[in-house]
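Visitor: Dropping the structure in here first, questions after.
Please treat every number below as a calculation from the coordinates, not as lab data. The structure presented is a predicted model; accordingly, all values stated were derived computationally and were not measured. Using ideal geometry, Cβ is built from the backbone for each residue, glycine included, and neighbour counts are taken over all protein chains shown.
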Amino acid sequence: MPSLLDDAARRAAAYLSGLDDRPVSPPPEALAALSRFDEPLPAEPTDPAESLHLLDEVGSPATVTSAGGRYFGFVVGGALPATVAASWLAGAWDQNAGARSLAPSAAKIEEVATGWLLDVLGLPAESGIGFVTGATAANFSALAAARHALLRSVGWDVETQGLFGAPPITVLTGDEVHVSLLKGLSLLGLGRERIVRIPVDDQGRMRADALPPIDGPTLLCLQAGNVDTGAFDPAAEIIPAAREAGVGWIHVDGAFGLWAAAAPNRKHLMAGYAEADSWATDAHKWLNVPYDSGLVICRDPLPLRAAMSVSASYLILSELREPYAHTPEMSRRARGVEVWAGLRSLGRSGLADLIERCCRHATRFAEGLEAAGYTVLNDVVLNQVLVSFGDAETTERVIAGIQEDGPCWCGGTVWQGHTAMRISVSSWATTEDDVEQSLDTMLRIADRVRSAAVPG
């Protein structure tokens, strides 16, 4: 075992040290080589070192280098060194972090990380946190807590009686609601199409003056950080109005935007959000821990525990916090260890600097693209940039050219009818040199596409 782990560490270190010299997308020959994994299951045991060699030799070249500094697709953070190392050690522990009796260290570390998270995110100290796989699971869990609380308020126990014959719940979202929240609603039996969509402005912010009349159990879902523009719903206006109108539960989808609370120059974007009932965010986005890592947070932990808890004679329960009572999973890995390591290694100032630095990089991209004559479609308030290079066909050709060229990677989207390239800066590893190199690539390819479109 020690020699195998030493070999794995050497290979991992070599992989990470070579990221800057690789294209972001794997080359065709690396993808073609993946066919070497197509083999029958060995009839006899195989040397673990030989399997590790194959994994590195074939698997490593075919990865997307999202751990490096020039990946700007989706909202993907790199993994901080401390969190990678903590993940390796936690993997060696091989703890089932679902129960305190199975993993006392992991349970204690989750408790400490919970306090730190609530502090840096500016959320109520009495809140409970579940360590889940990502924002989809976090939204699902928070919505389950909301479903419990709303139906209990009208005398219905959804955990025992189910939804058959239950009083209806009205769900309000903005018109730019993220698909992960819709997925959570569908999994909970609340439906993707039964929601009431509230109009938004040109940045995707829910209009505070457009709340509909409230009647019966009602769930309002706000967004902290639109996935395309980075915009925040005006929570300071909406939440008081919603409470007065009779909304029973307010949830916040803050997959990456919730982390703005930890950065002094972005904290104002989170005004009013601490007055909600639940929040969902990712740690594998802006805290830059390894996949997978999400957080469900509830002001009152009781509805979350009611929605997630089960009991059985064989379970060993204590009076202390039981991790499984806050998540959909019973058995799970000790992902809280990586969250703790990320927060401890960064500290308050380091976390703030990570977020502010990504936002500065996004602003630089926007300024450089606008100076070259291209149209930035959003107000760059956070780490997201939307840019149009002309009509839809031209923009799509530029995106394809950037993805094929290799030094950086950006994805496409359609924003309120406009085809655009989306730049998301989310990684601790992105440097000013990465930004300038990537910006040069974008402008070079955009100029090439535009020149090719000119007759003659």
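Visitor: Rank these for me by crowding, Tyr15, Tyr314, Tyr273, going from fewest to most other beta carbons within 10 Å. Before the final figure, lay out each step's value.
Guide: Details: Tyr15 17, Tyr314 4, Tyr273 25.
Final ranking by Cβ density, sparse to dense: Tyr314, Tyr15, Tyr273.
Visitor: If you wrap the range 141-266's Cα atoms in a convex hull and average its projection over all directions, what's the area in nm²?
Guide: Working: hull surface 31.9 nm².
The directionally averaged projection comes out at 8.0 nm².
Visitor: Then there's this: Nearest 20 debye, what's the magnitude of the dipole of the chain about its Cα centre given +1 on Lys and Arg Cβ and -1 on Asp and Glu Cβ? Don't skip to the answer; put the middle values down first.
Guide: Values: 35 positive and 56 negative charges, 175 e Å.
So the dipole magnitude of the chain works out to roughly 840 debye.
Visitor: A further question on this structure: Ranked by Cβ crowding within 10 angstrom, fewest neighbours first, how are His418, His178 ordered?
Guide: Numbers: His418 14, His178 22.
Fewest-to-most ranking of His418, His178: His418, His178.
Visitor: Which lysines have a Cα lying under 30 Å from the Cα of Lys108, excluding residues fewer than 8 positions away in the same chain?
Guide: Here the lysines satisfying the reach criterion relative to Lys108 are Lys267, Lys285.
Visitor: Fewest Cβ neighbours within 10 Å first, please rank Arg205, Arg36 accordingly.
Guide: Numbers: Arg205 20, Arg36 11.
Going from least to most buried by this count: Arg36, Arg205.
Visitor: Over all directions, how big on average is the projection of the convex hull of the alpha-carbon atoms in the range 252-362, in square nanometres?
Guide: Working: hull surface 32.6 nm².
Computed as one quarter of the Cα hull surface, the answer is 8.1 nm².
Visitor: Also: Translational diffusion coefficient of the range 348-456 at 20 °C, 1.002 mPa s, Stokes-Einstein with Kirkwood Rh over Cα pairs, in µm²/s as a whole number. Walk me through the intermediate numbers first.
Guide: Values: Rh = 14.2 Å.
Using the Kirkwood radius from Cα pairs, D works out to 150 µm²/s.
Visitor: Apply the Debye scattering formula to the range 2-68, with a single equal point scatterer on each alpha-carbon and no solvent, then give log10 I(q)/I(0) at q = 0.13 Å⁻¹.
Guide: -0.43
Visitor: What is the ratio of the Cα radius of gyration of the chain to 2.2 N^0.38 Å, with N the residue count, to two decimals? Numbers along the way, then the final one.
Guide: Details: Rg = 23.3 Å, N = 456, 2.2 N^0.38 = 22.5 Å.
Relative to the 2.2 N^0.38 Å estimate, the chain comes out at 1.04.
Visitor: Given charges of +1 on the Cβ of Lys and Arg and -1 on the Cβ of Asp and Glu, with all other atoms neutral, how large is the dipole of the range 1-158 about its Cα centre, in debye to the nearest 20?
Guide: Numbers: 9 positive and 18 negative charges, 147 e Å.
For the range 1-158, the charge dipole is close to 700 debye.
Visitor: A further question follows. Could you state the number of Å between the C-alpha centres of the range 70-99 and the range 269-287?
Guide: 20
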